[in-house]
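**Student:** First, the structure itself, so that you have it in front of you.
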Amino acid sequence: MALTKEALFALVALQEKDAVLDGIQKEIDAVPPKIAAAKADLEGEKKHIEAAKAKIVELEKRKKAKELDASSKEEAARKHSTQLNELKSNDAYKAMQAEIDKEKAAAGDIETEILQLMEEIDKARAEEKAAAAEFKKTEEFAKKDIEKLEAELSHAKGVHASAKAERDAAAVPVPASAMKVYEHARSRGKADAIVPVVGDHCSGCQINLAPILLGEVAKAKELVICESCQRILYRPAKAPSAA
Ligand SMILES: [Zn+2]
């Protein structure tokens, strides 16, 4: 892999552009989960309303059943009352009267249960109202949040496009062979695919480099790769600060 110092420095310049691009991409990637979270919050509030509504429906159903039950008991008591005078024996009269009293008492108990259910319904309606108000508030916040996030996203995409153009321009002077090794290292998660030799060690993994390898790096006639971390090595033009 023959190359020149200039090609190597072009690769370093490309890496700087790639780092900028990576940073912008990270910003872009962070936005959709935030939008999803805002939407999920809203869905959660909606579920509270739905739960309150379902509770009201269920209570109303129970109330309706109790009302039917109470009116059938009252109806039975009424019917038996009209039959009282037709009874001939005193015992039969007493038995019927006891039956009527029982039916009236049962109807009374059911009425009490209905009143309790009505209280529960009022409470559930208040819960529904509170949930609806909470939803409205959350919805306003979420709308503003999402608008802001979408604006951020679109801005970041614009910045990314121009940074990408700069990056592509920086890639032009890099020889294909060097590019291949560079991209391979990057694809394996090494954002710093090309690293300077500092003193006598690789600044990527800190391993000490053999003198023969250091000599090859200094000559920069070929692509030299750290055997330990697979990063491309170069000797900076100026003495590097202790990095
Ligand atoms: Zn290394």
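Values in this text are rule-based calculations from the coordinates and carry no lab data. This is a predicted model, so every value here is computed, not measured. Heads up, the Cβs are rebuilt from the backbone with ideal geometry, glycines too, and the neighbour counts pull from every protein chain shown.
**Student:** For the pair residue 151 and residue 39, what calculated FRET efficiency results from E = 1/(1 + (r/R0)^6), where r is the Cβ-Cβ distance and R0 = 22 Å, to the nearest 0.05?
**Tutor:** Efficiency for this residue pair is about 0.85.
**Student:** Run the quick spin-label model on residue 168 and residue 69: label points 7 Å from Cα toward the beta carbon, then report their separation in nm to one decimal.
**Tutor:** Once both label points are built, they end up 7.5 nm from each other.
**Student:** Another question, if that's okay. Using the 10 angstrom Cβ neighbour count as an exposure proxy, how do 233, 209 rank, fewest first? Show your work: numbers first, answer last.
**Tutor:** Details: 233 23, 209 20.
Placing the least packed residue first, the sequence is 209, 233.
**Student:** Can you compute the modelled spin-label distance between residue 184 and residue 93, with each label point 7 Å from Cα toward Cβ, in nm?
**Tutor:** Roughly 11.4 nm, to one decimal.
**Student:** Another one. Could you check what % of the DSSP bridge pairs in the range 176-234 are antiparallel, to the nearest 5?
**Tutor:** Rounded to the nearest five, the antiparallel share is 60 percent.
**Student:** Can you give me the long-range amide H partners of residue 234? Hydrogens built in the peptide plane at 1.01 Å from N, cutoff under 5 Å, separation of 5 or more residues or another chain.
**Tutor:** 195, 197
**Student:** With axes computed from alpha carbons, what is the tilt in degrees of helix 5-84 against the longest principal axis of the chain, rounded to the nearest 10 within 0 to 90?
**Tutor:** The angle comes out at about 0 degrees.
**Student:** How big is the chain along each principal axis, measuring the range of its Cα positions in Å and listing the largest first?
**Tutor:** Per principal axis, max minus min of the Cα coordinates gives 130, 36, 30 Å.
**Student:** Residue-wise, which Karplus ³J(HN,Hα) couplings in Hz belong to the range 136-144, taking 6.51 cos²θ - 1.76 cosθ + 1.60, θ = phi - 60°, and x for glycine or proline?
**Tutor:** With the stated coefficients, the range 136-144 comes to 4, 5, 4, 4, 4, 4, 4, 4, 5 Hz.
**Student:** Quick check on the chain: of the DSSP beta bridges with both residues there, what percent are antiparallel, nearest 5%?
**Tutor:** Working: 6 of 9 bridges.
Taking every DSSP beta bridge with both residues in the chain, the antiparallel ones total about 65 percent.
**Student:** Helix 176-187 versus the longest principal axis of the chain: what angle, 0 to 90°, nearest 10, using Cα atoms?
**Tutor:** With rounding to tens, the tilt is 30 degrees.
**Student:** Continuing with this model, one more query. Which links in 46/144; 53/148; 63/136; 164/221; 53/137; 17/144 stretch past 27 Å when you go from one Cα to the other?
**Tutor:** Distance filter (> 27 Å) returns 53/148; 63/136; 164/221; 17/144.
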